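What follows is one structure encoded as C-alpha coordinates, with my remarks underneath.
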Amino acid sequence: ASSNFALQRVKWLLKAEKAGHAGTLDPFATGALPIALGEATKTCTFMLTARKAYRATALLGQQSDTGDLTGQIIAQSAVPALEVTEITAVLASFLGKQMQQPPRYCALKKDGVPMYQLARSGVEFETQAREIEIHSIRLLSYQDNRLEFETECGKGTYIRSLVESIGSALGTSS
(Lines give C-alpha, C1' and ligand atoms only; values in the text may rest on other atoms or scores of the structure.)
Protein backbone atom coordinates (compact mmCIF):
# COMPACT_ATOMS: atom_id res chain seq x y z
CA ALA A 1 0.00 0.00 0.00
CA SER A 2 1.15 3.54 -0.67
CA SER A 3 1.79 6.24 1.90
CA ASN A 4 -1.26 8.09 0.61
CA PHE A 5 -3.41 4.94 0.96
CA ALA A 6 -2.29 4.64 4.60
CA LEU A 7 -3.05 8.32 5.16
CA GLN A 8 -6.53 8.07 3.64
CA ARG A 9 -7.29 4.94 5.68
CA VAL A 10 -6.30 6.65 8.96
CA LYS A 11 -8.26 9.76 7.98
CA TRP A 12 -11.35 7.63 7.29
CA LEU A 13 -10.99 5.50 10.44
CA LEU A 14 -10.62 8.56 12.68
CA LYS A 15 -13.12 10.67 10.73
CA ALA A 16 -10.57 13.46 10.48
CA GLU A 17 -11.27 16.49 8.30
CA LYS A 18 -7.59 17.24 7.73
CA ALA A 19 -4.72 14.79 7.56
CA GLY A 20 -1.17 14.81 6.26
CA HIS A 21 1.92 12.61 6.27
CA ALA A 22 5.56 13.50 6.66
CA GLY A 23 7.17 11.77 3.71
CA THR A 24 6.62 8.99 1.23
CA LEU A 25 7.76 5.46 1.98
CA ASP A 26 8.53 2.98 -0.77
CA PRO A 27 5.76 0.37 -0.82
CA PHE A 28 8.13 -2.42 0.30
CA ALA A 29 9.87 -0.36 2.99
CA THR A 30 9.23 -0.91 6.65
CA GLY A 31 9.29 1.83 9.23
CA ALA A 32 7.23 4.63 10.62
CA LEU A 33 5.08 6.92 8.51
CA PRO A 34 4.33 9.97 10.66
CA ILE A 35 0.71 11.05 10.18
CA ALA A 36 -0.74 14.29 11.53
CA LEU A 37 -4.42 15.10 11.95
CA GLY A 38 -6.31 18.40 12.21
CA GLU A 39 -4.23 21.38 13.31
CA ALA A 40 -1.22 19.09 13.77
CA THR A 41 -0.87 18.93 9.97
CA LYS A 42 1.00 22.23 10.27
CA THR A 43 3.88 20.28 11.86
CA CYS A 44 4.37 18.12 8.73
CA THR A 45 6.63 20.78 7.22
CA PHE A 46 9.03 20.45 10.16
CA MET A 47 9.03 16.66 9.94
CA LEU A 48 9.66 16.72 6.19
CA THR A 49 12.79 18.84 6.64
CA ALA A 50 14.13 16.87 9.63
CA ARG A 51 16.96 14.35 9.41
CA LYS A 52 15.93 10.79 8.75
CA ALA A 53 17.66 7.50 9.57
CA TYR A 54 17.59 4.43 7.36
CA ARG A 55 18.94 0.90 7.41
CA ALA A 56 19.45 -0.46 3.91
CA THR A 57 20.56 -3.70 2.34
CA ALA A 58 22.18 -3.60 -1.09
CA LEU A 59 22.77 -6.62 -3.30
CA LEU A 60 25.96 -5.90 -5.20
CA GLY A 61 26.33 -7.17 -8.75
CA GLN A 62 22.78 -6.52 -9.99
CA GLN A 63 20.94 -3.38 -11.01
CA SER A 64 17.19 -3.13 -11.58
CA ASP A 65 15.27 -0.59 -13.64
CA THR A 66 13.52 0.70 -10.53
CA GLY A 67 16.62 0.70 -8.32
CA ASP A 68 14.97 -1.72 -5.89
CA LEU A 69 13.95 -5.36 -5.57
CA THR A 70 10.62 -4.85 -7.35
CA GLY A 71 12.18 -4.03 -10.73
CA GLN A 72 13.54 -5.99 -13.65
CA ILE A 73 17.28 -6.72 -13.65
CA ILE A 74 18.85 -4.51 -16.32
CA ALA A 75 22.55 -5.01 -15.54
CA GLN A 76 24.73 -7.60 -13.87
CA SER A 77 28.41 -7.44 -13.10
CA ALA A 78 31.02 -9.39 -11.23
CA VAL A 79 31.63 -8.23 -7.69
CA PRO A 80 35.32 -7.68 -7.00
CA ALA A 81 36.86 -9.01 -3.81
CA LEU A 82 36.08 -6.27 -1.31
CA GLU A 83 37.68 -5.66 2.06
CA VAL A 84 35.74 -4.08 4.91
CA THR A 85 38.24 -1.20 5.05
CA GLU A 86 37.64 -0.48 1.35
CA ILE A 87 33.85 -0.53 1.80
CA THR A 88 34.08 1.70 4.87
CA ALA A 89 36.21 4.22 2.95
CA VAL A 90 33.75 4.29 0.04
CA LEU A 91 30.82 4.82 2.41
CA ALA A 92 32.70 7.67 4.12
CA SER A 93 33.20 9.34 0.73
CA PHE A 94 29.44 9.98 0.61
CA LEU A 95 29.42 12.10 3.78
CA GLY A 96 28.38 15.72 3.40
CA LYS A 97 26.48 17.70 0.80
CA GLN A 98 26.30 16.39 -2.73
CA MET A 99 24.08 16.28 -5.78
CA GLN A 100 21.92 13.21 -6.24
CA GLN A 101 19.95 12.05 -9.25
CA PRO A 102 16.50 10.89 -8.09
CA PRO A 103 15.35 7.54 -9.45
CA ARG A 104 12.99 7.55 -12.44
CA TYR A 105 10.53 5.48 -10.40
CA CYS A 106 9.65 7.96 -7.65
CA ALA A 107 6.76 10.15 -6.52
CA LEU A 108 8.38 13.40 -7.69
CA LYS A 109 6.31 15.06 -10.39
CA LYS A 110 7.36 16.05 -13.89
CA ASP A 111 4.90 18.35 -15.65
CA GLY A 112 2.33 17.51 -12.96
CA VAL A 113 2.61 13.72 -13.36
CA PRO A 114 4.40 11.41 -10.88
CA MET A 115 7.61 10.22 -12.50
CA TYR A 116 6.87 6.57 -11.66
CA GLN A 117 3.76 6.80 -13.87
CA LEU A 118 5.80 8.23 -16.73
CA ALA A 119 8.49 5.56 -16.31
CA ARG A 120 5.93 2.72 -16.22
CA SER A 121 4.35 4.11 -19.40
CA GLY A 122 7.70 4.03 -21.19
CA VAL A 123 7.93 7.82 -21.49
CA GLU A 124 11.52 9.04 -21.85
CA PHE A 125 12.43 11.95 -19.56
CA GLU A 126 15.36 13.37 -17.66
CA THR A 127 15.51 13.75 -13.89
CA GLN A 128 17.19 16.74 -12.31
CA ALA A 129 19.86 16.27 -9.67
CA ARG A 130 19.02 17.66 -6.25
CA GLU A 131 21.23 18.61 -3.33
CA ILE A 132 21.18 16.16 -0.44
CA GLU A 133 23.26 15.74 2.69
CA ILE A 134 24.52 12.55 4.29
CA HIS A 135 25.21 13.22 7.98
CA SER A 136 26.44 9.75 8.90
CA ILE A 137 26.86 6.39 7.21
CA ARG A 138 28.26 3.19 8.65
CA LEU A 139 28.73 -0.37 7.53
CA LEU A 140 26.74 -2.94 9.50
CA SER A 141 27.72 -6.06 7.56
CA TYR A 142 29.04 -7.39 4.27
CA GLN A 143 28.55 -11.02 3.32
CA ASP A 144 27.71 -12.88 0.10
CA ASN A 145 27.57 -9.63 -1.91
CA ARG A 146 25.00 -8.18 0.51
CA LEU A 147 25.99 -4.86 1.97
CA GLU A 148 24.00 -3.60 4.96
CA PHE A 149 24.47 -0.05 6.21
CA GLU A 150 22.82 2.65 8.29
CA THR A 151 22.66 6.27 7.29
CA GLU A 152 21.30 9.50 8.69
CA CYS A 153 20.49 11.98 5.97
CA GLY A 154 18.64 15.15 5.13
CA LYS A 155 15.41 15.60 3.22
CA GLY A 156 15.09 14.47 -0.35
CA THR A 157 17.63 11.65 -0.11
CA TYR A 158 16.72 8.59 -2.14
CA ILE A 159 18.30 5.52 -0.59
CA ARG A 160 17.88 3.61 -3.87
CA SER A 161 19.99 6.23 -5.63
CA LEU A 162 22.53 6.20 -2.81
CA VAL A 163 22.81 2.41 -3.08
CA GLU A 164 23.38 2.66 -6.84
CA SER A 165 26.10 5.27 -6.29
CA ILE A 166 27.77 3.12 -3.63
CA GLY A 167 27.70 0.11 -5.97
CA SER A 168 29.24 2.17 -8.74
CA ALA A 169 31.98 3.50 -6.41
CA LEU A 170 32.76 -0.08 -5.39
CA GLY A 171 33.16 -1.06 -9.06
CA THR A 172 29.95 -3.06 -9.38
CA SER A 173 26.23 -2.73 -10.08
CA SER A 174 23.77 -2.57 -7.20
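The values are calculated or read from the model by the stated rules, or taken from the named source; none is laboratory data. Owing to the predicted nature of the structure, the values given are computational and were not obtained by experimental measurement. Virtual Cβ from ideal backbone geometry, glycine too; neighbours counted across all protein chains shown. Ligands, DNA and RNA are stripped out before the accessible areas are found, and what is left, the full protein with its side chains, is counted by its heavy atoms. Shrake-Rupley method; radii C 1.70, N 1.55, O 1.52, S 1.80 Å.
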Condition broken by Ala56, with the remaining ones in (1) more than 14 Å from the chain's Cα centre (by Cα); (2) under 19 Å from Tyr105 (Cβ atoms) satisfied: (1)
Where a residue in segment 31-46 is farther than 21 Å from Gly156 by Cβ and in contact (Cβ under 8 Å) with a residue 24 or more places away in the chain and its partner, wherever it lies, is open to solvent by 80 Å² or more (accessible area, probe 1.4 Å) and part of a loop (DSSP other than H, G, I, E, B), with Cβ under 8 Å and at least six apart: Leu37/Leu14; Leu37/Lys18
Yes/no for Thr85 being assigned to a strand (DSSP E or B) and surrounded by fewer than 16 Cβ atoms within 10 Å (Cβ to Cβ): no
Unique match (being assigned to a loop (DSSP other than H, G, I, E, B) and in contact with a Gly (Cβ under 8 Å, 6 or more places away or on another chain)) among Ala36, Ala78, Ala29: Ala78
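Given the structure, is Thr172 in a loop (DSSP other than H, G, I, E, B) and surrounded by 12 or more Cβ atoms within 10 Å (Cβ to Cβ)? Please lay out each step first, then the result.
Working: in a loop (DSSP other than H, G, I, E, B): yes; surrounded by 12 or more Cβ atoms within 10 Å (Cβ to Cβ): yes.
Here the answer is yes, as Thr172 does meet what is asked.
Which of the residues spanning segment 98-130 are among the charged types (D, E, K, R), over 18 Å from Gly71 (Cα atoms) and out of contact with any Pro (no Cβ under 8 Å at 6 or more places or on another chain)? Step through it out loud before you land on a result.
Taking segment 98-130 first, the residues among the charged types (D, E, K, R) are 104, 109-111, 120, 124, 126, 130.
This time we only want the ones that are over 18 Å from Gly71 (Cα atoms), so: 109-111, 126, 130.
Result: Lys109, Lys110, Asp111, Glu126.
Restrict the check to segment 9-23 and report whether at least one residue is open to solvent by less than 90 Å² (accessible area, probe 1.4 Å) and under 14 Å from the mean Cα position of the chain (by Cα). Let's see the steps before the verdict.
Initially, segment 9-23 is screened for residues open to solvent by less than 90 Å² (accessible area, probe 1.4 Å), giving 10-11, 16, 19-23.
From the residues that got through so far, the ones that are under 14 Å from the mean Cα position of the chain (by Cα) too are 23.
Scanning segment 9-23, I find at least one residue that is open to solvent by less than 90 Å² (accessible area, probe 1.4 Å) and under 14 Å from the mean Cα position of the chain (by Cα), so the answer is yes.
Only one residue in Leu69, Leu82 is out of contact with any Cys (no Cβ under 6 Å at 6 or more places or on another chain) and under 23 Å from Thr24 (Cα atoms). Which one? Break it down into steps so the answer makes sense when it comes.
Numbers: Leu82 fails: under 23 Å from Thr24 (Cα atoms).
It is Leu69.
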Lone unmet requirement of (1) assigned to a loop (DSSP other than H, G, I, E, B); (2) within 15 Å of the chain's Cα centre (by Cα); (3) of a type in the set (Val, Ile, Thr); (4) buried (at least 17 other Cβ atoms within 10 Å of the Cβ) for Thr70: (4)
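Specify which of the listed residues (Glu152, Glu124, Glu148) is over 16 Å from the mean Cα position of the chain (by Cα), at pLDDT 90 or above and of a type in the set (Asp, Glu). If you could, list the steps in order and put the result at the bottom.
Details: Glu152 fails: over 16 Å from the mean Cα position of the chain (by Cα); Glu148 fails: over 16 Å from the mean Cα position of the chain (by Cα).
Answer to the selection: Glu124.
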Elements of type strands (runs of 3 or more DSSP E) contained in segment 91-169, each with 2 or more residues being in contact with a Leu (Cβ under 8 Å, 6 or more places away or on another chain) and open to solvent by 20 Å² or more (accessible area, probe 1.4 Å): 130-143, 146-153
Filtered residues of segment 40-53 (kept if in a strand (DSSP E or B) and more than 17 Å from the chain's Cα centre (by Cα)): none
Unmet criterion (only one of (1) modelled with pLDDT of 90 or more; (2) over 14 Å from the mean Cα position of the chain (by Cα); (3) over 19 Å from Ser141 (Cα atoms); (4) not hydroxyl-bearing (Ser, Thr, Tyr)) for Asn4: (1)
